[in-house]
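Participant: Handing you this structure, nothing more for now.
What follows draws every value from the coordinates through simple rules; no lab data is involved. Note that this is a predicted model, so its numbers are computed, not measured. Positions of Cβ are backbone-derived with ideal geometry, glycine not excepted, and every protein chain shown enters the neighbour counts.
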Amino acid sequence: MKNRSFLEKAAAVPHAVWAVLFILAPLVIVCYFAFTDSYGTFTFDNISLLTGYTHIFVLSVCFALIATVICLLIGYPLAFFLSRLSPRTQKIFVVLLMLPMWISLLIRTYSLMALLDNGGLLNSLLSALGFAKAKIVGTSGAVILGMVYDFLPYMVLPIYTGLSKLDIHYFEAASDLGCNGVKTLFRVALPLSVPGIVSGVTMVFVPSISTFYISQKLGGGSFDLIGDTIERQFQNVSTYNIGAAISLVMMILILISVAVMNRFSDDEGEEIMV
Amino acid sequence: MKTLSRIYMWVVFLLLYAPILVLVLFSFNRAGSLNHFSTFSLYWYRELFRDTEALVALKNSLYLAVSSSVLATVIGTLAALGLDRMKSKAVKTAIKSVTNIPMMNPDIVTGVSMMLLFVAGMSLSFLPIRFGFGTMLVAHTTFNLPYVILSVLPRFQQMDKHLKEAALDLGCTPTRTFFRVELPLILPGVVSGLMLGFTLSLDDFVISHFVSSPDFQTLPLYVYNQTAHEVKYSMYALCALMVFVILGLLLLVNFAGSRGPKTKKAPRAGKVGGVA
């Protein structure tokens, strides 16, 4: 190949500068804030103060894990059934699946709250039918329900994309060799859809563990998750440093778990991506 | 088995849509209550359009989404060109991995880190930084960039390199070759990157929440502030309107256009899939 033109040599420079200034520098500054006090002197205090937040970390991880597992249990069969439909029907259902992803998370959470709230539709129905009102908003179940409801499409779509690309002959071969439907699902489809599952799990787990709107609205203020805690620290200049320390720890935890999960899928995940 | 799977699908979709349908239905309820439906009315829609704050927020949102997606598309397309022609593999991998950081990180961390960057910048008194349109533009462009590069770079990699050589042999200058030969070939990727950036920017709440100021509010920030304390039924109308617009756009893209549904949201579906 001939020498590269000036345009080709310089083309990536603006982006490289942008990435250093606005991707790398912010992360360095988070580290700086995490290891200094509000006067800028170096300290480990913020990190050691984090032990006081252990229960919040544990609670958030539990909520996010439960929501992810429920999403997987509901979402996998849905993706499987979707991929077995005729192409035309598939297209319609994929649009139906994507529509909620396009509606703002705020709106979806808010509408769920309107449905479940004390004076909401569900309770009006219950009392009209003569049942006692159910207190749903403000329970841990409501927060988890909110996560499942908000992020379920993010679980289904990558799994579905992977499954719909599978060669139909695999399934025919399996049934020819005497596999029934359930066995085909577990022995053929499931192992082949690991990359889709990994990307679905990450896409549900990461926003679930870092959310603050869902817990604010559906938790009724009785649950403090990592997201809520971080958000609160950044409302007041004096707590920026501890907020930075919490963010840093959460980021490291998430990067580690994403890296571990990606080990499962080798590099096949790339296929799902594009 | 077949009926069972059909029933399962319908139930899940029904649950997925129930809250949205309720919201849309009660946005037409004159009584402004979820307990009883009095009369069908557009009262809350009129209330919404009387609310100048909402209209300003909508204008801000569109303004920000257009400028950040255009800026990200220009920088990102150039970056894809540069990455495609880059000789050093190490530099290429380094740039690519740094670019992917905002996609892997939870939004709240990206938001917080951007906010701290600006706070630190403000302490240097010679930099005229204040929260508002400028900081939001920088933040939105940053999270749009990886999506633009992700949709443009494959186009460069799939392009027949002989076309470019032919153009150069026939006397085109390199710059002219880029605009006349290469750009038309990568255009579908550029357009889908632009549209993806536009919608991501329009939809973003978490990152904006940390880098905005009260005098530059976008629509999601406005919804957040309005829903913080009490239920406002004009918000139902706003949400219902958004649902209608999105539904219309989706139908248009999927059924009027000939291209499949995976052009738009699908790359986001792979959000974290690209870590490997």
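Participant: Do you know which of the residues in region B:102-118 that are within 7 Å of another protein chain (Cβ to nearest Cβ) and more than 17 Å from the chain's Cα centre (by Cα) is farthest from B:PRO146 (Cα to Cα)?
Facilitator: B:LEU116
Participant: Separate question: Only one of these conditions is not met by B:LEU194: (1) touching a residue at least 24 places away in the same chain (Cβ under 8 Å); (2) not in a helix (DSSP H, G or I). Which number is it?
Facilitator: B:LEU194 satisfies all of (1) touching a residue at least 24 places away in the same chain (Cβ under 8 Å); (2) not in a helix (DSSP H, G or I) except (2).
Participant: Of everything in region A:68-79 that's within 8 Å of chain B (Cβ to nearest Cβ) and touching a residue at least 40 places away in the same chain (Cβ under 8 Å), which residue is nearest to A:PHE205 (Cα to Cα)? Full working, then the answer.
Facilitator: The first filter runs over region A:68-79 and keeps only residues within 8 Å of chain B (Cβ to nearest Cβ), leaving A:74, A:77-78.
Within this subset, residues satisfying the condition of being touching a residue at least 40 places away in the same chain (Cβ under 8 Å) are A:74, A:78.
Working: A:ILE74: 15, A:LEU78: 19 Å.
Top of the filtered list is A:ILE74.
Participant: Return yes or no: is A:PHE57 in contact with a helix residue (DSSP H, G or I) (Cβ under 6 Å, 6 or more places away or on another chain) and either on the phi > 0 side of the Ramachandran plot or in a helix (DSSP H, G or I) (or both)?
Facilitator: Details: in contact with a helix residue (DSSP H, G or I) (Cβ under 6 Å, 6 or more places away or on another chain): no; either on the phi > 0 side of the Ramachandran plot or in a helix (DSSP H, G or I) (or both): yes.
No.
Participant: If A:LEU49 satisfies every condition in (1) of a type outside the set (Asp, Glu); (2) surrounded by 13 or more Cβ atoms within 10 Å (Cβ to Cβ); (3) under 17 Å from A:PRO158 (Cβ atoms); (4) more than 7 Å from chain B (Cβ to nearest Cβ) but one, which is the exception?
Facilitator: (3)
Participant: Could you say whether any residue in region A:81-104 is more than 7 Å from chain B (Cβ to nearest Cβ), closer than 25 Å to B:ILE7 by Cα, small (Gly, Ala, Ser) and buried (at least 18 other Cβ atoms within 10 Å of the Cβ)?
Facilitator: yes
Participant: Among the helices (runs of 4 or more DSSP H) contained in region A:1-43, which hold 1 or more residues that are in contact (Cβ under 8 Å) with a residue 60 or more places away in the chain, more than 17 Å from B:ILE95 (Cβ to Cβ) and at the interface with chain B (Cβ under 7 Å from one of its Cβ atoms)?
Facilitator: Values: elements: A:6-10, A:13-19, A:25-34.
The qualifying helices (runs of 4 or more DSSP H) are A:25-34.
Participant: Sort through A:SER257, A:SER247 and tell me the only one that's under 25 Å from A:ILE74 (Cα atoms), touching a helix residue (DSSP H, G or I) at 6+ places or on another chain (Cβ under 9 Å) and buried (at least 16 other Cβ atoms within 10 Å of the Cβ).
Facilitator: Numbers: A:SER247 fails: under 25 Å from A:ILE74 (Cα atoms).
Checking each option against the conditions leaves just A:SER257.
Participant: What about A:VAL148, is it under 17 Å from the mean Cα position of the chain (by Cα), within 11 Å of another protein chain (Cβ to nearest Cβ) and surrounded by fewer than 24 Cβ atoms within 10 Å (Cβ to Cβ)?
Facilitator: On the way: under 17 Å from the mean Cα position of the chain (by Cα): yes; within 11 Å of another protein chain (Cβ to nearest Cβ): yes; surrounded by fewer than 24 Cβ atoms within 10 Å (Cβ to Cβ): yes.
Yes: the conditions hold for A:VAL148.
Participant: Restricting to region B:28-69, name every residue that is of a type in the set (Ser, Thr, Tyr) and surrounded by fewer than 16 Cβ atoms within 10 Å (Cβ to Cβ).
Facilitator: Just the residues of region B:28-69 that are of a type in the set (Ser, Thr, Tyr), to begin with: B:33, B:38-39, B:41, B:43, B:45, B:52, B:61, B:63, B:67-69.
Answer for region B:28-69, where residues must be of a type in the set (Ser, Thr, Tyr) and surrounded by fewer than 16 Cβ atoms within 10 Å (Cβ to Cβ): B:SER33, B:SER38, B:THR39, B:SER41, B:THR52, B:TYR63.
Participant: Taking the criterion of being within 30 Å of A:SER104 (Cβ to Cβ), touching a Ser or Thr at 6+ places or on another chain (Cβ under 9 Å) and part of a helix (DSSP H, G or I), would at least one residue in region A:180-189 satisfy it? Even if it seems obvious, please write down each step before you answer.
Facilitator: Taking region A:180-189 first, the residues within 30 Å of A:SER104 (Cβ to Cβ) are none.
Checked region A:180-189: no residue is within 30 Å of A:SER104 (Cβ to Cβ), touching a Ser or Thr at 6+ places or on another chain (Cβ under 9 Å) and part of a helix (DSSP H, G or I).
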